[in-house]
Amino acid sequence: MAEQPVLSIKNLKTYFYLEGQVIKAVDGVSLDVYKGRITAIVGGSGSGKSVMSLSILNLIDDPGKIIDGEIWLNGVNLRDLQEKQLMKIRGKEISMIFQEPTSSMNPVFKVKSHFFEVIRTHSKQAISNKDAVSLFKDVLARVGLKNADQILESYSFELSGGMCQRVMVAMGLLAQSQVLIADEPTSSLDLTTQAAILEELLHLKNRGMAIVLITHDLGVVAQMADDVYVLKDGKIVDSGTVYDVFESPKHEYTKALLAAIF
């Protein structure tokens, strides 16, 4: 019997209604994400990648609206759930590294408080404050942040965008959810830090986590992904294993993306 996807999206449509105009940001997307595999969603700016990722957890603000589709997580259609039920799934079952980390952290709480909230909400066993802080320092070191004591006592507005991005990745590592959505997790980072974060994502994959990697960087896709979906104007135009897509691209858009890097 074939393995079932941990996350399955079917015919997802998310539209934005602006002054009589309808922007079809996500227009009939279907894809499957499997345990222990990295599924890359690639495409240029405005292709609908980030909107698709936010739609999975129903984080679309007005004037956007999810108008159709199903989002199945372990046999449960998330579209059928109330907001209170979704809040229990966000972070616990599906965690997300946002593209804009500074806007994803509450500026009135220190980094340490954000980390304790992740542990409190998602840890499967009790952990002392001392052990928790030790764990926090470990994950910060793993994403290339060595001055952990100072960072844990900092507010998001006291950190650079790159540091906030690494803090968000560290929070994703702490959550240990079934699915991790990483939206451009290495953008604006130096190559050394980028390599460290990608290595951590591979470790999570090898532990059985299903990872959705959203990126415009086909070099990262070639290095990291198992499965690839190419998104253009809100539609999937190419898909397959990373080998299939890179060696035998079907759509002209995919061919153009590949030609730009090879």
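Subtract the Cα-Cα distance of residue 121 and residue 255 from 0.36 nm times their separation in residues, and report this length gain in nm to one decimal.
43.9 nm
The C-alpha atoms of the chain define a longest principal axis, and helix 111-122 lies at about 70 degrees to it.
Please sort by residue number the GluC sites (Glu not before Pro) in segment 19-94 whose DSSP state is loop and whose Cβ has at most 15 other Cβ atoms within 10 Å.
In loop regions of segment 19-94 (DSSP not H, G, I, E or B), the sparsely surrounded GluC sites (Glu not before Pro) are 19.
Note on segment 1-153: Cα-only Rg and Dmax are 18.2, 56 Å.
Report the relative contact order of the chain, percent, no decimals, based on alpha-carbon pairs under 8 angstrom and at least 6 residues apart. Reported as a whole number, the value is 28 percent.
Label positions at residue 226 and residue 19, each projected 7 Å from the Cα along the C-beta direction, are separated by 4.6 nm. Local charge for residue 203 was computed over the other residues whose Cβ lies under 13 Å away, with Lys and Arg +1 and Asp and Glu -1, and equals 0.
Would you work out the charge dipole size for the chain about its Cα centre, treating the Cβ of every Lys and Arg as +1 and the Cβ of every Asp and Glu as -1, and quote it to the nearest 20 debye? Intermediate values should be presented prior to the final figure.
Details: 27 positive and 31 negative charges, 135 e Å.
Approximately 640 debye in magnitude.
Our estimate of slack between residue 176 and residue 80, defined as 0.36 nm per intervening residue step minus the Cα-Cα distance, is 32.1 nm.
Our coupling estimate for segment 250-255, obtained by passing each phi through the Karplus curve with A = 6.51, B = -1.76, C = 1.60 and θ = phi - 60°, is 9, 9, 4, 5, 5, 4 Hz, Gly and Pro reported as x. The relative contact order of segment 61-190, computed from alpha carbon pairs under 8 Å that lie at least 6 residues apart in sequence, is 38 percent.
Between 249, 107, 185, the residue with the greatest mean-square fluctuation in the GNM of the chain (Cα pairs under 10 Å linked by springs) is 107.
Taking R0 as 35 Å, what FRET efficiency do you get between residue 67 and residue 195 from their Cβ-Cβ distance, rounded to the nearest 0.05? Working shown, then result.
Details: r = 40 Å, r/R0 = 1.14.
Efficiency, from the Cβ-Cβ distance: 0.30.
A cut-off of 5 Å between modelled amide H atoms, ignoring neighbours fewer than 5 places along the same chain, links residue 28 with 12, 13, 14.
Find how much the distance from residue 241 to residue 135 grows on full extension, using 0.36 nm per residue of separation minus their present alpha carbon separation; answer in nm with one decimal. Provide the component values of the computation, followed by the final result.
On the way: separation 106, 0.36 × 106 = 38.16 nm, distance 3.50 nm.
Between residue 241 and residue 135, full extension yields 34.7 nm more.
Separation of segment 28-93 and segment 162-185, taken as the distance between their Cα centroids, equals 16 angstrom.
Return the loop-located trypsin sites (Lys or Arg not before Pro) in segment 102-170 (DSSP other than H, G, I, E, B) with at most 12 other Cβ atoms within 10 Å of their own Cβ; answer none if there are none.
Values: sites: 110, 112, 120, 124, 130, 137, 142, 146, 166; in loops: 124, 146.
Here the trypsin sites (Lys or Arg not before Pro) that fit, given the DSSP loop and packing criteria, are 124, 146.
In the chain, helical runs assigned H by DSSP with n ≥ 4 each contribute -39500 (n - 2.57); averaged across all residues and rounded to the nearest 500, the mean residue ellipticity at 222 nm is -11000 deg cm²/dmol.
Just so you know, all these numbers are worked out from the coordinates, no wet-lab data involved. Keep in mind it's a predicted model, so treat the numbers as computed, not measured. As a convention, Cβ positions derive from the backbone with ideal geometry for all residues, glycine included, and neighbour counts pool all protein chains shown.
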